[in-house]
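Beneath this line is the structure, given in structure tokens, with notes to follow.
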Amino acid sequence: MSLVLFHHPFSRAAGVLWMLEEVGVPYTLRFVDITTGQQKQPELLSLNSMGKLPTLSDGDTVVSEAAAIALYLADRYAPGRLAPPIDDPRRGPYLRWSFFAPSVIEPGVMAKLGGWEYRESSAGWGTHAAMLLAMKSAITGEYILGDTFSMADVVFGGTVRYMLMVGLLEPDPVFKAYVERLSARPALKRADERNAAIVAERGLMLG
């Protein structure tokens with residue numbers, strides 16, 4: 001197997017499992033004990049100088065950052081199925097909302113949670129209210145691309161799902177209904193089960 005995911009179930013690598021299950025190609029998990037700082041050891045640092053998870057190797061290719069991994073996997077292993085072709089008009093919203101999650105939602109939520117003081121015109125995420133309106137505008141159909149599920153839903157929807165679970169987003173009916181649709185996907189169920197199994201096998205506890 002050429003695909004290797006350096007993984008811990010309490011890291012963003014947990015979400016990459018969903019990506020891999022949606023793509024449907026064989027992969028290997030390499031457990032990294034982030035509680036002991038194993039991610040900062042030479043092996044992983046040689047692949048990802050940030051010493052962070054997720055990190056994915058595919059033969060000689062190394063990809064880090066969850067959104068980048070998602071788009072790489074879709075283009076490499078599921079073009080036309082999970083990623084619109086380059087000349088497809090849907091490619092624009094596909095890329096937009098895939099990067100909206102880490103570039104706008106994550107810092108926007110952290111800014112509100114931490115009470116950050118900043119100039120709205122200088123921050124890429126603008127206001128929290130504007131961010132929420134934009135998020136809702138992305139979910140006018142079943143999925144980001146209307147009735148077609150794509151890897152953008154794994155990135156964007158995975159972020160919404162996690163933030164609802166931990167109370168970082170208000171349980172708006174639009175978000176809740178979207179997450180319910182995503183949660184019904186067999187690939188997500190398999191990923192959740194595998195992450196849970198690793199937690200149980202290794203006796204892991206949050207905090």
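Quick notes on this structure:
- Verdict on LYS52 being among the basic types (Lys, Arg), over 23 Å from VAL25 (Cα atoms) and in the same structural domain as ASP33 (by TED's automatic domain parsing): yes
- Qualifying residue in region 47-65 (condition: hydroxyl-bearing (Ser, Thr, Tyr), within 17 Å of ARG194 (Cβ to Cβ), in contact (Cβ under 8 Å) with a residue 24 or more places away in the chain and not in a loop (DSSP other than H, G, I, E, B)): no
- Any hit, region 60-71, residues being surrounded by fewer than 18 Cβ atoms within 10 Å (Cβ to Cβ) and β-branched (Val, Ile, Thr): yes
- Complete set of residues in region 166-207 that are in a loop (DSSP other than H, G, I, E, B) and surrounded by fewer than 12 Cβ atoms within 10 Å (Cβ to Cβ): VAL166, GLY167, GLU170, PRO171, ALA184, GLY203, MET205, LEU206, GLY207
- Some residue of region 66-74 being among the hydrophobic types (A, V, I, L, M, F, W, C), under 18 Å from the mean Cα position of the chain (by Cα) and farther than 14 Å from ALA152 by Cβ: no
- Matching entry among PHE99, PHE10 (being under 30 Å from ALA129 (Cα atoms), among the hydrophobic types (A, V, I, L, M, F, W, C) and part of a loop (DSSP other than H, G, I, E, B)): PHE10
- Filter result for the condition that a residue is touching a strand residue (DSSP E or B) at 6+ places or on another chain (Cβ under 7 Å) and modelled with pLDDT of 95 or more, over MET151, MET135, MET163: MET151
- Scan of region 123-142 for residues that are outside any helix (DSSP H, G or I), farther than 16 Å from GLY108 by Cα and not charged (D, E, K, R), ordered by number: ILE139, THR140, GLY141
- If the condition is being more than 20 Å from TYR143 (Cβ to Cβ), out of contact with any His (no Cβ under 9 Å at 6 or more places or on another chain) and surrounded by 14 or more Cβ atoms within 10 Å (Cβ to Cβ), then region 104-127 contributes GLU106, PRO107, ALA123, TRP125, GLY126.
- Exactly one residue out of SER103, SER57 is of a type in the set (S, T, N, Q) and over 16 Å from the mean Cα position of the chain (by Cα), and it is SER57.
- Of the residues making up region 79-101, not one is more than 12 Å from MET151 (Cβ to Cβ), of a type in the set (A, V, I, L, M) and surrounded by 14 or more Cβ atoms within 10 Å (Cβ to Cβ).
The values are calculated or read from the model by the stated rules, or taken from the named source; none is laboratory data. In this text, all values refer to a predicted model and were calculated from it rather than measured experimentally. Here the Cβ is made from the backbone with ideal geometry for all residues, glycine too, and neighbour counts use every protein chain on show.
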